[in-house]
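Only one structure is covered here, and it is reproduced in the block below.
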Amino acid sequence: AENEKLKGHVAAVMLTIDEAITTLNDADQVIDTLTHIGATHVRFSGFKPEWFLLIKEPFLVAVKDTLGERYTASMESNYRKAIRFILETLIKGYENGSAVANGQG
């Protein structure tokens, strides 16, 4: 049962990242969505916002593996920037949510 929950969560994470990347042309909406998602993680006792960063390298490996020979240095640079933006926005959302939950926001 736990593995199924983990698989479901991983799928949701990848869907969120995919949606963020494919809709970056609407930056305000992407920021709002990621900030909200980050804030929802406040409900998990013991969650540390830096855990969001753990997806960075696996995501980049998955993109490289998926694109194969089509993966260029320029693409790598762009995907690194995109994932950094996404993860930093999730962390900011978590921090904002934590501040609100603690009566500071």
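Taking every residue in the stretch 1-20 that is within 15 Å of T89 (Cα to Cα) and pairing it with any residue that is open to solvent by less than 100 Å² (accessible area, probe 1.4 Å) and among the small types (G, A, S), at least 6 positions away or on another chain, the pairs with Cβ-Cβ distances below 9 Å are I17/A82; A20/A82.
Among G38, G8, G68, which is in contact with a Pro (Cβ under 9 Å, 6 or more places away or on another chain) and either assigned to a helix (DSSP H, G or I) or of a type in the set (A, V, I, L, M) (or both)? Quick ask: steps written out before the conclusion?
Details: G8 fails: in contact with a Pro (Cβ under 9 Å, 6 or more places away or on another chain); G68 fails: in contact with a Pro (Cβ under 9 Å, 6 or more places away or on another chain).
Within the list G38, G8, G68, the selection yields G38.
Could you tell me whether the stretch 69-81 includes any residue that is in contact with a Phe, Trp or Tyr (Cβ under 7 Å, 6 or more places away or on another chain) and surrounded by 12 or more Cβ atoms within 10 Å (Cβ to Cβ)? Scanning the stretch 69-81 turns up no residue that is in contact with a Phe, Trp or Tyr (Cβ under 7 Å, 6 or more places away or on another chain) and surrounded by 12 or more Cβ atoms within 10 Å (Cβ to Cβ).
Here E50 meets each of (1) open to solvent by 80 Å² or more (accessible area, probe 1.4 Å); (2) out of contact with any helix residue (DSSP H, G or I) (no Cβ under 8 Å at 6 or more places or on another chain); (3) under 24 Å from A99 (Cβ atoms); (4) not hydrophobic (A, V, I, L, M, F, W, C) with one exception, condition (2). Could you say whether any residue in the stretch 59-66 is open to solvent by 90 Å² or more (accessible area, probe 1.4 Å) and small (G, A, S)? Within the stretch 59-66, not a single residue is open to solvent by 90 Å² or more (accessible area, probe 1.4 Å) and small (G, A, S).
Would you call I21 open to solvent by 40 Å² or more (accessible area, probe 1.4 Å), β-branched (V, I, T) and at negative phi? Give the steps one after another, and end with the answer.
Numbers: open to solvent by 40 Å² or more (accessible area, probe 1.4 Å): yes; β-branched (V, I, T): yes; at negative phi: yes.
The answer is yes for I21.
Which residues, taken from the stretch 87-105, are free of Cβ contacts under 8 Å to residues at least 40 places away in the same chain and either buried (at least 17 other Cβ atoms within 10 Å of the Cβ) or small (G, A, S) (or both)?
Of the stretch 87-105, the ones free of Cβ contacts under 8 Å to residues at least 40 places away in the same chain are 87-88, 99, 102-105.
L87, A99, G103, G105 - these are the residues of the stretch 87-105 that are free of Cβ contacts under 8 Å to residues at least 40 places away in the same chain and either buried (at least 17 other Cβ atoms within 10 Å of the Cβ) or small (G, A, S) (or both).
Suppose we filter R43, R84 for residues that are open to solvent by 90 Å² or more (accessible area, probe 1.4 Å), closer than 18 Å to T22 by Cβ and of a type outside the set (A, V, I, L, M); which single one remains? Selected residue: R84, the only one of R43, R84 that is open to solvent by 90 Å² or more (accessible area, probe 1.4 Å), closer than 18 Å to T22 by Cβ and of a type outside the set (A, V, I, L, M).
The values are calculated or read from the model by the stated rules, or taken from the named source; none is laboratory data. On a predicted model such as this, the values are computed, not experimentally measured, just so you know. Neighbour counts run over all protein chains shown; Cβ positions are idealised from the backbone, glycine included. The area values use the complete protein model at the heavy-atom level, side chains included, leaving out ligands, DNA and RNA. Shrake-Rupley method; radii C 1.70, N 1.55, O 1.52, S 1.80 Å.
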